[in-house]
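Asker: Here it is, the structure in full.
The values are calculated or read from the model by the stated rules, or taken from the named source; none is laboratory data. Just so you know, these numbers come straight off a predicted model, no measurement behind them. No Cβ is skipped: glycine too gets one built from the backbone with ideal geometry, and neighbour counts run over all protein chains shown. Remember, those area values only see protein heavy atoms, side chains included, never the ligands or the DNA or RNA. Shrake-Rupley method; radii C 1.70, N 1.55, O 1.52, S 1.80 Å.
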Amino acid sequence: MLWIFDLDNTLHHASPGVFPHINRMMTDYIIRHLHVDEDTANRLRQHYWSRYGATLTGLVRHHGVDPRHFLRHTHPLEDLLPLVETDPQVARTLARLPGRKVLLSNGPAHYCAAVLTRLGIDRHFSAQFGLEHIRFAPKPSPHGFRAVLSRLRARPGQSWMIEDSADNLKTAKRLGLNTVWLAPGEPRRPAYVDHRLNRLSDLVRLVR
């Protein structure tokens, strides 16, 4: 059994502090490097995120931005790590799950590795796939899912994707993976979602 975990808002709560800071850094980057005002930068960031699943994809395709340069400057660990909220229950949940566990994130590799270490759960993961490892093709593109399955020689039917993003799970399901949507308080469950959970710890009950 292979468990494929998203990072932000799945293994930790990124919305309160981490995401707003990254968004500000992205806006500042666009202002400086595309020479536009703040309103234009915000519109571009939101537009590319909505269209491609990541602001970076639009900047690379339409403005020739160097992806590694962008990721280094928009994910400064000295600013972001103090904002990461830890939860001991996450480590306990991972320890009780049988099988291999890997990370598949739209975040850069240095950020993924540092956050897992900060959360104290890096030892539970046999592999980490950041944006650089999937050719800067973020979810919901199928490339990342295929890269994980190919690299680990895993079968989709024996693999589970745990995500907070329903759009990403739609791709995972289309490729044959089992899908788990971490969506607290969400009453609906789309057809491409096999299980909807309120808490990550509910995974243990799901296995049983």
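Asker: Hey, which lysines would be in cross-link range of K139, C-alpha to C-alpha under 17 Å, not counting anything within fewer than 8 residues on its own chain?
Answerer: Qualifying lysines at Cα under 17 Å: K170, K173.
Asker: Show the residues, 5+ positions off or on another chain, whose built amide H is closer than 5 Å to the amide H of N106.
Answerer: Close amide H contacts, sequence-distant or interchain: L7.
Asker: Taking N as the number of residues in the chain, what is its alpha-carbon radius of gyration divided by 2.2 N^0.38 Å? Let's see the in-between values first.
Answerer: Details: Rg = 16.9 Å, N = 208, 2.2 N^0.38 = 16.7 Å.
Here the answer is 1.01, to two decimals.
Asker: Ignoring any ligand, DNA or RNA, what whole percent of the accessible area of the range 1-82 comes from carbon and sulfur when the probe is 1.4 angstrom? Spell out each step's value before the answer.
Answerer: Numbers: 2120 of 4160 Å².
Within the range 1-82, the accessible surface is 51 percent carbon and sulfur.
Asker: Separate question: As a test question: what accessible area, to the nearest 10 Å², does I22 have when a 1.4 Å probe is rolled over all protein chains in place?
Answerer: I22 has an accessible surface of roughly 10 Å² with all protein chains in place.
Asker: Under unit Cβ charges (Lys, Arg +1; Asp, Glu -1), what dipole magnitude, rounded to 20 debye, does the chain have relative to its Cα centre?
Answerer: Details: 29 positive and 19 negative charges, 224 e Å.
Magnitude of the dipole: close to 1080 debye.
Asker: Please get the size of the charge dipole for the range 102-208, origin at its Cα centre, with Cβ charges of +1 on Lys and Arg and -1 on Asp and Glu, quoted in debye to the nearest 20.
Answerer: Values: 17 positive and 8 negative charges, 68 e Å.
Charge dipole of the range 102-208: 320 debye, to the nearest 20.
Asker: Once the convex hull of the alpha carbons of the range 1-80 is built, what does its volume come to per residue, in cubic angstrom?
Answerer: Details: hull volume 9.7 nm³, N = 80.
That works out to 122 Å³ per residue.
Asker: Here is a follow-up. Work out the FRET efficiency for M1 and R24 from their Cβ-Cβ distance, taking R0 = 41 Å, and round it to the nearest 0.05. Mind showing how you got there, number by number?
Answerer: On the way: r = 39 Å, r/R0 = 0.96.
Computed FRET efficiency for M1 and R24: 0.55.
Asker: In the range 1-36, whose amide N lies under 13 Å from the spot 7 Å out along Cα-to-Cβ of L206? List them in ranges.
Answerer: Within reach of a label on L206: 2-6, 10-11.
Asker: Quick one: which residues, 5+ away or cross-chain, put their amide H under 5 Å from the amide H of K101? H built at 1.01 Å from N.
Answerer: W3, S126
Asker: May I ask you to compute the full-extension gain from A191 to E132, defined as 0.36 nm times their residue separation minus their alpha-carbon distance, rounded to one decimal in nm?
Answerer: That pair, A191 and E132, stretches by 18.1 nm at full extension.
Asker: Count the DSSP beta bridges whose two residues both fall in the chain, then state the antiparallel fraction as a percent rounded to the nearest 5. Spell out each step's value before the answer.
Answerer: Values: 0 of 19 bridges.
Of all bridge pairs located within the chain, approximately 0 percent are antiparallel.
Asker: Need the full-extension length gain, R146 to H35, defined as separation in residues times 0.36 nm minus the C-alpha distance. One decimal, nm.
Answerer: Full extension from R146 to H35 adds 36.3 nm.
Asker: What residues qualify as long-range amide H neighbours of R196, i.e. H under 5 Å apart, gap of 5 or more or another chain, H built at 1.01 Å from N?
Answerer: Result for R196 returns W181.
Asker: Using θ = phi - 60° and the Karplus curve 6.51 cos²θ - 1.76 cosθ + 1.60, what whole-Hz ³J(HN,Hα) does each residue of the range 2-11 get, with Gly and Pro shown as x?
Answerer: Once θ is set to phi - 60°, the couplings for the range 2-11 become 10, 9, 10, 9, 6, 9, 5, 6, 10, 8 Hz.
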